[in-house]
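Peer 1: Following this message is one structure expressed as structure tokens.
The values are calculated or read from the model by the stated rules, or taken from the named source; none is laboratory data. This is a predicted model, so every value here is computed, not measured. Cβ: placed from backbone, ideal geometry, glycine included. Neighbour counts: every protein chain shown. Quick note on the areas: whole protein, heavy atoms, side chains included, nothing else; ligands and nucleic acids left out. Shrake-Rupley method; radii C 1.70, N 1.55, O 1.52, S 1.80 Å.
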Amino acid sequence: MSRAHAEPVRLVAFGDSLTAGLGLPANQAFPAKLQAALTARGHDVVIENAGVSGDTTTAGLARLDWSIPDGTQGVILELGANDALRGLDPAITEKSLDAMLARLKERGIPALLAGMVAPPNLGGDYGVRFNAIYPRLAAKYGVPLYPFFLDGVAGQGKLNQPDGVHPTTAGVDVIVERILPAVETFLAGIKESRAP
């Protein structure tokens, strides 16, 4: 077995409090639980938690290079929720995400884009503009899109902490279960591209 195949695939989960695991023990946060689920399915993978609570896409862009070390083989990019919660102009969100995807492409690091959906209280027009960002950028950069990171969890009282925004441990389990097929496909693509 060659050395390359003996080493785990190194991923970085790059995001905000939803990635960081605000209000949860570190081993219950999304990156740790996703790594455990992948390991249980026979994948040799290490997922670094590069989530920072409160980060907007602009803040994420500012720390992208030093948060994603050389040798990273894939990034799960989960940002935008704080932009929407603050009602920031979707054009700003798109510009920052676009720049992040461009930078990762320059560095030769594949990305899986985790989409976000604007809260309904911001109105229909805002939602239409915000929600279109992720599919448009995924198409532009040819990266896989997981349409809504909080699918199955958003608005579900029992799956969220008292703030109604951040998932509980059970909520993280649902996120991991739902995103797992997309991540496995993403991993297969990385392994294929690394094959000698």
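Peer 1: As a test of reading the structure, rank Ser17, Ser193 by solvent-accessible area (1.4 Å probe, protein chains only), most first.
Peer 2: Largest accessible area first, the list is Ser193, Ser17.
Peer 1: Which entries in Lys33/Lys105; Lys95/Lys158; Lys33/Lys140; Lys105/Lys140 show an alpha-carbon gap greater than 23 Å?
Peer 2: Lys33/Lys105; Lys95/Lys158; Lys33/Lys140
Peer 1: Could you calculate the FRET efficiency of Arg86 with Glu184 from 1/(1 + (r/R0)^6), where r is the beta carbon distance between them and R0 is 41 Å, rounded to 0.05?
Peer 2: Calculated value: 0.75.
Peer 1: Follow-up question, since we're still on this one. Mean separation of Cα pairs under 8 Å and 6+ residues apart, divided by the residue count of the chain: what relative contact order is that in percent?
Peer 2: Once normalised by length, the contact order is 21 percent.
Peer 1: Run the helix sum for the chain: -39,500 (n - 2.57) per DSSP H stretch of 4+ residues, divided by residue count, reported at 222 nm to the nearest 500 deg cm²/dmol.
Peer 2: -14500 deg cm²/dmol
Peer 1: Going 7 Å from the Cα of Gln161 in the Cα-to-Cβ direction, what parts of the range 44-58 have a backbone nitrogen less than 12 Å from that spot?
Peer 2: Taking a point 7 Å out along Cα→Cβ of Gln161, the residues of the range 44-58 whose backbone N falls under 12 Å are 53-54.
Peer 1: With a 1.4 Å probe and every protein chain left in place, work out the accessible area per residue of the range 1-127 in Å², rounded to a whole number.
Peer 2: 44 Å²
Peer 1: Say a paramagnetic label sat at a point 7 Å from the Cα of Ala99, along Cα to Cβ; which residues of the range 34-77 have their backbone N under 17 Å from it?
Peer 2: In the range 34-77, the label zone of Ala99 (backbone N under 17 Å from the point 7 Å along Cα→Cβ) covers 55-68.
Peer 1: Also: What accessible surface, in Å², does a 1.4 Å probe find on Leu145, ignoring ligands, DNA and RNA and rounding to the nearest 10?
Peer 2: Around 60 Å² of this residue is reachable by solvent.
Peer 1: Here's a follow-up. Three principal axis extents, largest first, for the C-alpha atoms of the range 1-92, in Å?
Peer 2: 51, 27, 18
Peer 1: Follow-up. I'd like to know how the chain sits against the 2.2 N^0.38 Å rule of thumb: what's its Cα Rg over that expected value?
Peer 2: 0.99
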